[in-house]
């Protein structure tokens, strides 16, 4: 007999919201090797559409280097990717690895959205 | 049957045999009244979810030490990067194990992550920058540790990470028993 599968871990969540020509990938919790394929899939799906992307890590409490590798790869594919990083959990590995120069990083989602506001360009 | 998870080995030398609860001050961030020692050891399969669970266990253990939050975060980050390297690289195409040993002794906090895998090639130890293919783990560990030793060969790797956090430095030196 097969035992029922254990309930999925709730240590992280990755939710994708689409707003007109903008996609927000909102992550929360602990992002590590377990979360990596989920984030990979979320970003790969978006890149196919060619839309502008904001990755919101404001609620991320742990972020390993493999996750930052996913962001750098996505950014190289789509230069319009913006990362919301507020807390030390994300800021510190970004800074120590010198990745800030390879990513567009903002402190909150509002700043990211303003950056995407078409009115600002008019 | 494959899984083996021992209970965390939690050990303290209490120099004057007070109850364990009283031996370690609550997380205050300030100087502690008395020195302490504690160790933690765990052996888990080299799998991504096991490494994540072990990181959480280490975090719980660290919470009981008189560490500041930033040092605690650096220790958890470095330890996990070492665990993740084992999961991702040490046992290509086969199963294996990770051992984590952590020790607090006076003003020194040591974490050792070891495996019996294939060893770390020279190139990933240098990778950094905008490389997309990982290789940042050891670089990050190096940045957040006070001392890092990597011993690696065909029969395994041992990563020894050492910190001397200011919060522990302010504590009196442990008396030798």
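The values are calculated or read from the model by the stated rules, or taken from the named source; none is laboratory data. Keep in mind the model is a prediction, meaning the values are calculated, not measured. Quick reminder, even Gly has a Cβ in these numbers, built from the backbone with ideal geometry, and neighbours come from all protein chains shown.
Residues in the range A:3-27 that are at pLDDT 90 or above and within 12 Å of residue A:54 (Cβ to Cβ) were compared, and the one that is farthest from the other protein chains (Cβ to nearest Cβ) is A:17. Within the range A:54-70, residues that are within 13 Å of another protein chain (Cβ to nearest Cβ) reach partners that are crowded, with 24+ Cβ neighbours inside 10 Å and assigned to a loop (DSSP other than H, G, I, E, B) with beta carbons closer than 6 Å, at six or more positions or on different chains, in the pairs A:64/A:32; A:65/B:136.
Residue B:142 fulfils the conditions (1) surrounded by fewer than 21 Cβ atoms within 10 Å (Cβ to Cβ); (2) closer than 14 Å to residue B:109 by Cβ; (3) modelled with pLDDT of 95 or more except for a single criterion, (2). Among the residues of the range A:102-120, the one identified as touching a strand residue (DSSP E or B) at 6+ places or on another chain (Cβ under 6 Å), closer than 30 Å to residue B:58 by Cβ and more than 10 Å from chain B (Cβ to nearest Cβ) is A:105. Under 9 Å by Cβ, and 6 or more places apart or on different chains, what pairs join a residue from the range B:131-146 that is facing chain A (nearest Cβ under 7 Å) with one that is modelled with pLDDT of 75 or more and assigned to a loop (DSSP other than H, G, I, E, B)? Note: pairs meeting the criteria are B:136/A:97; B:136/A:99; B:137/A:64; B:139/A:97; B:140/A:64; B:140/A:97; B:143/A:97. The residues of the range B:98-117 that are touching a helix residue (DSSP H, G or I) at 6+ places or on another chain (Cβ under 9 Å) and in contact (Cβ under 8 Å) with a residue 60 or more places away in the chain, listed by number, are B:100, B:102, B:104, B:106, B:107, B:108, B:115, B:117.
Conditions tested, residue by residue: (1) out of contact with any strand residue (DSSP E or B) (no Cβ under 7 Å at 6 or more places or on another chain); (2) buried (at least 24 other Cβ atoms within 10 Å of the Cβ).
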residue	(1), (2)
B:64	yes, no
B:69	yes, no
B:80	yes, yes
B:97	no, no
B:105	no, no
B:114	no, no
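Summed over the range A:80-96, residues that are crowded, with 16+ Cβ neighbours inside 10 Å and either at pLDDT below 95 or farther than 17 Å from residue B:78 by Cα (or both) total 6.
Only one of the numbered conditions (1) in contact with a strand residue (DSSP E or B) (Cβ under 9 Å, 6 or more places away or on another chain); (2) modelled with pLDDT under 95 is not met by residue A:31, and that is (2).
Annotation: of all residues in the range A:84-101 being touching a helix residue (DSSP H, G or I) at 6+ places or on another chain (Cβ under 6 Å) and more than 11 Å from chain B (Cβ to nearest Cβ), the one that is farthest from residue A:43 (Cα to Cα) is A:100. None of B:26, B:38, B:17, B:22 is modelled with pLDDT under 95, over 28 Å from residue A:66 (Cα atoms) and in a strand (DSSP E or B) except B:38.
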